[in-house]
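Asks: First the structure, then my questions, so here it is.
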């Protein structure tokens, strides 16, 4: 039985509002009591009467209603709800909630409520990609909100891209999944970012990894209730909330940290771009530029994922493969060689993955079955990957 039985469904202005009727129906089928709050612009797309029929409750739309006896309606609804689902959530409403504005019934309830917040964004792709919108969404995530979607597809304006509201069954399933106990107290170790292998005191060998994918996975897993240890190479990112973040520099340091914390872990996700080689004898003093040529002798670093696979209590292992050719074949070969359970492969031949905010991947399991995920923001991709991992383990 769900712990959160009372859902306040907030409907904002957008063509996706018609999908919210199905959300209300599906939630009631799962045993939730649903009350609907509509913004003024939402009523331009769907009538309150339709939501009243689907929710079997009165629909609320006005902050001040002379015909109502509820003088403190926004407070009563804020206290009533166990969770709040905004679907569709327009760019305007997301911005207002992020800024703490309260100029209508829905935003006032959100400001007054301590309920868990779920947000299903729906807007034009350019509006969704705008840095202001992305910053507002990140603000909500930082406060504990769960973002569901959006999807990629044809939009009402004719554009194709991310911003379209997810399908009702997917939204309700995602909401219901966060309330399951599967991820609660699951121990997860995640590596992220690059490593630096010293040449001399000021120079090093590294790569273009930003750590964004690993950090997004850590943040998403923590939101689901997992106990997350993030082992990060050098990045410019802030540590995700509700995680234990350990900072390392070299591949050897990362290996030691991983082995120290992975003996009793349930899931290991190797998202770091670990240097395959290191300098055999780094110089103690800065190398002077006097020689026309200089050779560096490289020796191989110990493979972290393979080391984890050799533990007595092997966790469920997820690895990443960055390839410039033969993406599927090379990734599957890597999965088998390192005894992984799942591998996430991305094509880096066009140099548009590392350091970027989006990614397109192929997920391959031990049976060589694949799931292709289209280009999407890494924060959304992280949630999709955790869904796949959870389904495989269960």
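Laboratory data are not the source of any read-out in this text; all were calculated from the coordinates shown. Please read all numbers here as calculations on a predicted model, not as lab measurements. No Cβ is skipped: glycine too gets one built from the backbone with ideal geometry, and neighbour counts run over all protein chains shown.
Asks: In whole Å, how far is the Cα centre of segment 125-158 from that of segment 107-122?
Replies: Distance between centres, Cα-based: 15 Å.
Asks: Further question: Taking only Cα atoms, what is the 0 to 90° angle, nearest 10, from helix 168-178's long axis to the longest principal axis of the chain?
Replies: 70 degrees
Asks: While we're looking at this one, here's another question. Using a 7 Å offset from the Cα along the Cα-to-Cβ direction at both residue 170 and residue 202, what is the distance between the two label points in nm, to one decimal?
Replies: It is 5.0 nm.
Asks: Full-extension gain between residue 325 and residue 241, please, as 0.36 nm times their residue separation minus the C-alpha to C-alpha distance.
Replies: On the way: separation 84, 0.36 × 84 = 30.24 nm, distance 3.64 nm.
Length difference between fully extended and current span is 26.6 nm.
Asks: Please compute the modelled spin-label separation between residue 95 and residue 49, points set 7 Å along Cα→Cβ, answer in nm with one decimal.
Replies: Placing both labels 7 Å along Cα→Cβ, they lie 3.4 nm apart.
Asks: Same structure, new question: For segment 283-353, what does the alpha-carbon gyration tensor say about shape, rounded, prolate or oblate, given a ≥ b ≥ c as the root eigenvalues, a/c under 1.5 as rounded, and a/b over b/c as prolate? Write out the running numbers ahead of the final one.
Replies: Values: a/c = 3.36, a/b = 1.64, b/c = 2.05.
Oblate, since a/c reaches 1.5 and b/c is not below a/b.
Asks: Right, something else. Between the alpha-carbon centers of segment 337-394 and segment 281-325, tell me the distance in whole angstrom.
Replies: Rounded to whole Å, the Cα centres lie 23 Å apart.
Asks: Could you tell me, in Å, what Rg and Dmax come out for the Cα atoms of segment 115-263?
Replies: Rg then Dmax for segment 115-263, in Å: 18.3, 56.
Asks: Sticking with this one: To the nearest 10 degrees, how steeply does helix 131-142 sit against the main Cα axis of the chain, on a 0 to 90 scale?
Replies: The answer is roughly 90 degrees.
Asks: List the extent of the Cα atoms of the chain along each of their three principal axes, largest first, rounded to whole Å.
Replies: 86, 46, 36
Asks: Can I ask one more? Could you sort 192-201, 302-311 so that the peptide with the highest average Cβ count within 10 Å comes first and the rest follow in order?
Replies: Working: 192-201: 20.9, 302-311: 17.7.
Sorting 192-201, 302-311 by mean packing, highest first, produces 192-201, 302-311.
Asks: Can you tell me which of 329-339, 37-47, 85-95, 363-373 comes out highest on packing, and rank the rest after it, using the mean Cβ neighbours within 10 Å? Show your work: numbers first, answer last.
Replies: Values: 329-339: 16.7, 37-47: 18.7, 85-95: 25.0, 363-373: 14.0.
Top of the packing list down: 85-95, 37-47, 329-339, 363-373.
Asks: Let me ask you something else. Measure out, as a whole number of angstrom, how far apart the alpha-carbon centroids of segment 236-254 and segment 188-210 sit.
Replies: Comparing the Cα centres of segment 236-254 and segment 188-210, I get a distance of 11 Å.
Asks: Let's test the formula: R0 of 41 Å, r as the Cβ-Cβ distance of residue 302 and residue 143. What FRET efficiency results, to the nearest 0.05? Mind showing how you got there, number by number?
Replies: Values: r = 40 Å, r/R0 = 0.98.
For R0 = 41 Å, the calculated efficiency reads 0.55.
Asks: Along the Cα-to-C-beta direction of residue 283, a point sits 7 Å from the Cα; which residues of segment 166-202 have their amide N less than 15 Å from that point?
Replies: Inside the label zone: 198-202.
Asks: Subtracting the Cα-Cα distance from 0.36 nm times the residue separation, let me have the gained length for residue 127 to residue 114 in nm, one decimal. Don't skip to the answer; put the middle values down first.
Replies: Working: separation 13, 0.36 × 13 = 4.68 nm, distance 2.81 nm.
1.9 nm is the gain from fully extending residue 127 to residue 114.
Asks: Using only helices, what value at 222 nm comes out for the chain when you add -39,500 (n - 2.57) per DSSP H run of length 4 or more and divide by the total residues, to the nearest 500 deg cm²/dmol?
Replies: Values: 13 runs with 130 residues, N = 394.
Helix contribution divided over all residues of the chain: -9500 deg cm²/dmol.
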